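Notes for the one structure printed next.
The values are calculated or read from the model by the stated rules, or taken from the named source; none is laboratory data. Small disclaimer: the values here were computed from a predicted structure and weren't measured. Glycine also receives a Cβ, built like all others from the backbone with ideal geometry; neighbour counts cover every protein chain displayed.
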Amino acid sequence: MPSLRLLHLPGFVRWGIHIDIAPQWPWLALQSLALWPVWAWMSQHLLERADNALGLALLAAAASLTWRQRHRLRPSPCLRWLAGALAGTVAAVLAHTLGESDWAKLFALLSLVAALQAFLPGSQYVGTQSGRHVTAGPWRWLSKGFDNTFVNRVCHKAAFVVAMLALLAWSLVRAL
């Protein structure tokens, strides 16, 4: 098992502990930074014509919920929701790159909701029943990648950080 081999590497364990106990705010802030081109487009679009206030209202509602729940957010996210937030952020930046700004806005808002849901309490056992997996057959290997284990959390969080930094760099290069 690859996960057991990773636990025998002291560097991985040391680095993993740091990334595993990091608070939830850097993850949400990094995702928001990666989505800056979409936020810039939304604000510019809102200033040009005021018929697009629904996206801004949804963003304000998400910010309000985050602020009200800030003390309840967990540092250990639900990995399924975190993967959904990652996929939504990639889709938003890709849609914005391709000029589909309305789709980019939708994906950006959905990815922020997924990220917030990942850190809210009670979202840990999505897709499971009483903490036990109900997945059978060929999907079992995919399900194991989302188990709440130390190695999975570290790998998912590292992939999230690398992807957000790559999207941020891509957006900055395109803006220059």
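Restricting to the stretch 77-108, give me the number of residues that are buried (at least 19 other Cβ atoms within 10 Å of the Cβ) and not aromatic (Phe, Trp, Tyr).
17
How many residues, within the stretch 20-42, are of a type in the set (A, V, I, L, M, F, W, C), more than 15 Å from the chain's Cα centre (by Cα) and in a helix (DSSP H, G or I)? I'd like the intermediate steps shown before the answer.
Step one: list which residues in the stretch 20-42 are of a type in the set (A, V, I, L, M, F, W, C), which gives 21-22, 25, 27-30, 33-36, 38-42.
Right, trim to more than 15 Å from the chain's Cα centre (by Cα) and you get 21, 38-42.
With in a helix (DSSP H, G or I) added as a condition, the list becomes 38-42.
The number of residues fulfilling the criteria is 5.
Taking Ala83 as the residue in question, decide whether it is among the small types (Gly, Ala, Ser) and at pLDDT 80 or above.
Against the criterion (among the small types (Gly, Ala, Ser) and at pLDDT 80 or above), Ala83 qualifies.
When the residues of the stretch 42-70 are narrowed to those that are buried (at least 17 other Cβ atoms within 10 Å of the Cβ) and not aliphatic (A, V, I, L, M), which ends up modelled with the highest pLDDT?
Only one residue tops the list, namely Thr66.
For the list (1) surrounded by 13 or more Cβ atoms within 10 Å (Cβ to Cβ); (2) at pLDDT 85 or above, I need the number of the one condition that Gly145 fails.
The single condition Gly145 does not satisfy is (2).
Test of understanding: among Val173, Val113, Val162, which residue is under 25 Å from Thr66 (Cα atoms), modelled with pLDDT of 85 or more and out of contact with any helix residue (DSSP H, G or I) (no Cβ under 9 Å at 6 or more places or on another chain)?
Val162
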